[in-house]
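Please treat every number below as a calculation from the coordinates, not as lab data. Not measured: the values here are computed from a predicted model. Virtual Cβ from ideal backbone geometry, glycine too; neighbours counted across all protein chains shown.
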Amino acid sequence: MSESARARARAHQDQLTKPPGSLGRLEAIAAQLAAIQGRVAVEVHAPRLCLFAADHGVTRSRGVSPYPRTVTGQMVANILAGGAAVNALSRAVQVELELIDAGVDADAPAAFEGAALSYVHAPIARGTRDFLDAPAMTASERAAALELGEAAAARAAQAGSTLVALGELGIGNTTSAAAITAALTGRPPREVVGPGTGLDAEGLARKVAVVEAALARHELARDAPLASDDADAAVRVLERVGGLELAALVGLCLGAARRGLAVVVDGFITAAAAAVAATIEPALLGYLFAAHRSAEPGHRALLERLGLRPLLELDMRLGEGTGALVAIPLIRAAAAAQREMATFAEAAVDDRGAVHDG
Ligand SMILES: O=C(O)c1ccc[n+]([C@@H]2O[C@H](COP(=O)([O-])O)[C@@H](O)[C@H]2O)c1
Ligand SMILES: Cc1cc2nc[nH]c2cc1C
């Protein structure tokens, strides 16, 4: 992070042909990009959505999702065919899409054609173990998943991307994200468990009980937040109650920030991954943008822990990176204004108003 580039961006913004501060939060976005990129002339080049998919052991018998786990693999096939929301939105906002199978419980899909995306088939396991019985993943599975995310960051940087967006797909992963949220924030499960894809009241009560039992089983129940830099504890939470797509997203966040790429967080599940990553490496915080606030209640607690204000509030709760996609045009617009606008001096516009205001 370059605090001097951030300060130069702020000073430059006040020279541009507009009343000071009149681009509102777009100015803060552009200043943050300046700090990330180390220059005032910021750009959003070749933005890429990295969408990790995986299955969850807790879906085998616990009744935590209204959908069967087979939907994860079926949706992977739908994305490969170009028919999911993420395909339509990535086309609409012109963002590259990379789909990575981090652990879906399905056979490798047949060769695909037509959809404009890249696909990486690298399942670490056929989903996690049921975290009511055992840790969701072994230490070596966790390490492999982090590495998968790291490799996605390396590919994005290699392709010239200056921004990556986080996406996920995995039936049952709101249960995992809720357990992570409770373990990191110290909030009781009943406050951070939500309906996910659409559980009814009875299902919701069952899901709260599952998260409570998982936290007790792994000795993760707490009534105070985890220290903001307790990396070992965050890794333990990830291993015990996380998911392979969540662990890969942690690796992506860390790898992207290390390479100086901006990171756009999508909904509840990606925010849980970002919160784990930021506890492992607090310097990540300066690289994060929160695209939106999902309807899932635990998302609010995570954004508070991360100190992030969402750009949008659209009552979305789909996942796949769809909320991140709709926010990318705002970030692009913020960069364009800072990079392309004329100054008062260049345009010979009288800036006395700015002098009085300043
Ligand atoms: O992004 C969100 O905030 C969000 C909220 C609710 C559900 N989802 C998506 O729905 C799936 C998980 O929901 P569930 O009910 O099976 O736990 C998973 O594929 C997520 O992408 C995503
Ligand atoms: C249909 C469907 C699409 C999804 N996309 C992300 N999570 C999802 C869950 C379901 C059930």
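Quick look at the values:
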item	result
The stretch 259-264 - phi-based ³J(HN,Hα) in whole Hz, Karplus 6.51/-1.76/1.60, Gly and Pro as x	8, x, 9, 6, 10, 9
Global form of the stretch 48-330, assessed from the alpha-carbon gyration tensor, a/c cut-off 1.5	rounded
Length-normalised contact order of the chain in % [C-alpha pairs under 8 Å, at least 6 apart]	24 percent
Most mobile listed residue (126, 293, 25) in the chain, GNM with C-alpha springs under 10 Å	25
Sorted by Cβ density within 10 Å, fewest first, the residues 266, 101	101, 266
For peptides 182-189, 339-346, 270-277, sequence by mean Cβ density within 10 Å, most packed first	270-277, 182-189, 339-346
Long-range amide H partners of residue 103 with built H, under 5 Å	53, 55, 124
Relative contact order for the stretch 36-195, counting Cα pairs under 8 Å that sit 6 or more residues apart, in percent	35 percent
Span-like helix ranges in the chain, DSSP H, alpha carbon extent 20 angstrom or more, Kyte mean at least -1.0	139-158, 201-217, 244-258, 322-340
Beta bridges by DSSP in the chain, antiparallel share as percent, to the nearest 5	5 percent
